[in-house]
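The values are calculated or read from the model by the stated rules, or taken from the named source; none is laboratory data. Everything quoted here is computed from the prediction, not taken from an experiment. Heads up, the Cβs are rebuilt from the backbone with ideal geometry, glycines too, and the neighbour counts pull from every protein chain shown. To get the accessible areas, we keep the full protein, side chains included, count just its heavy atoms, and leave off ligands, DNA and RNA. Shrake-Rupley method; radii C 1.70, N 1.55, O 1.52, S 1.80 Å.
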Amino acid sequence: MSDACVLGIETSCDETSAAIVRGSETLSNVVSSQVDLHAVYGGVVPEIASRQHLKLIDAVIRQACDQARVQASDLDAIAVTRGPGLPSALLVGVAAARGLAARWKKPLLPIHHMEAHLYSPSLDSQPFVALVVSGGHTMLVRVREFGRHEVLGQTVDDAAGEAFDKAAQLLGLGYPGGPRIEAQARKGNAKAHAFPRPMLDSGDWKFSFSGLKTALRRAVSAAGPLNEKAVADLCASFQTAVTDVLIEKTIRAAKHFGVRRIAISGGVACNGFLRSEFERRCRQEHLEWTFAERQLCTDNAAMIALLAARKLQSGMRPESSWDIEPDWALPAN
Ligand code: KG4
Ligand code: ZN
């Protein structure tokens, strides 16, 4: 099937999202973020997330169709996030997608959320090493060609985005932490604190960020009352420690496997410092790099629909019987 028109639905965490794509073109990508609702609790509260998805999902889907000027008859398929994610949140998207698929008599494609992040930087079929960094996951993946990939390593504790969120909470900056740490870090000195680079030389492709959080906590206690400059310095030093490990291990993996291209995606890939440092290091190492577009980095339904359209093009057929998979590991192909 060429240039399939797909409605995508994503409700795995705290964004209610629907999108329409045609082939590799995004016609609409409506994301209703619940961040403000969860911010007072310092993180995502599953019950609030699912209730809010339920409230918003119909309107978000309608808006995605209206913005794309697409009607049910134009659609070739519906795609929805099957997992991983919060069970009660996933259920809302899957129920909505099942309802529409039955009513409009369209095939329904269950999509792996991390596979959608993985392929969100639009790349042709050449091999690449991917760094997927989000609030729930941090993984290095070797992609031989579209659909043929293997996870090289993941975090053994906190995900990189989670580390940013916890660090921001510790510094009283609020949720989500990534963008707030990044903003503070711009005003700070990254050399002010010598934070560790966890597992940089572990000899495998795994990551660990919980020790860094402990180092930050110690530095905060030692610093006493924090003024603006002290917060900025802590943020800059913390951000540099996280990004150093992410960048160096990704580059080492690419060189180890003799792969010339690196792809970076997931919420943390929005980080401007990570992006510019990756570019600088890739240039030095004569590697090519591709970032997911910023609007495709944090959770969104366009990446779900784009992956489904690509899978349809490469011959994927809908499965007949399946359920949500909250702990779905990225399948190796
Ligand atoms: O991909 P995503 O929207 O959700 C998951 O699938 O987890 O990623 C959200 C994560 C959050 O932890 C957030 O703090 C982080 O991405 N993030 C950032 C930035 N923007 C979002 N981390 C660092 N710098 C940013 N600018
Ligand atoms: Zn995600």
Quiz item: Looking at segment 93-110, which of its residues are surrounded by 24 or more Cβ atoms within 10 Å (Cβ to Cβ) and either closer than 24 Å to Gln154 by Cα or in contact with a Leu (Cβ under 7 Å, 6 or more places away or on another chain) (or both)?
Solution: Ala97
Quiz item: Out of the residues in segment 121-146 that are within 16 Å of ligand 2 (Cβ to nearest atom) and out of contact with any strand residue (DSSP E or B) (no Cβ under 9 Å at 6 or more places or on another chain), which is farthest from Leu274 (Cα to Cα)?
Solution: Gly136
Exercise. Considering each of Ala185, Ala160, Ala167, Ala190 in turn, give the residue that is buried (at least 18 other Cβ atoms within 10 Å of the Cβ), of a type in the set (A, V, I, L, M), touching a strand residue (DSSP E or B) at 6+ places or on another chain (Cβ under 9 Å) and closer than 19 Å to Val245 by Cα.
Key: Ala160
Exercise. May I ask you to list the residues in segment 292-311 that are open to solvent by 30 Å² or more (accessible area, probe 1.4 Å) and of a type in the set (A, V, I, L, M, F, W, C)?
Key: Leu306
Self-check item: Options Ser134, Ser122; residue that is of a type outside the set (D, E, K, R), closer than 25 Å to Pro179 by Cβ and open to solvent by 50 Å² or more (accessible area, probe 1.4 Å)
Solution: Ser122
Quiz item: Does Leu118 fit the bill of being more than 10 Å from ligand 1 (Cβ to nearest atom) and more than 19 Å from Ala309 (Cα to Cα)?
Solution: no
Practice problem: Give, as residue ranges, the helices (runs of 4 or more DSSP H) completely inside segment 63-172 that count at least 2 residues that are without any contact (Cβ under 8 Å) to a residue 60 or more places away in the chain. | Solution: 87-104, 160-170
Quiz item: What is the residue count in segment 242-270 for residues that are within 16 Å of ligand 1 (Cβ to nearest atom) and either open to solvent by 10 Å² or more (accessible area, probe 1.4 Å) or not polar (S, T, N, Q) (or both)?
Solution: 12
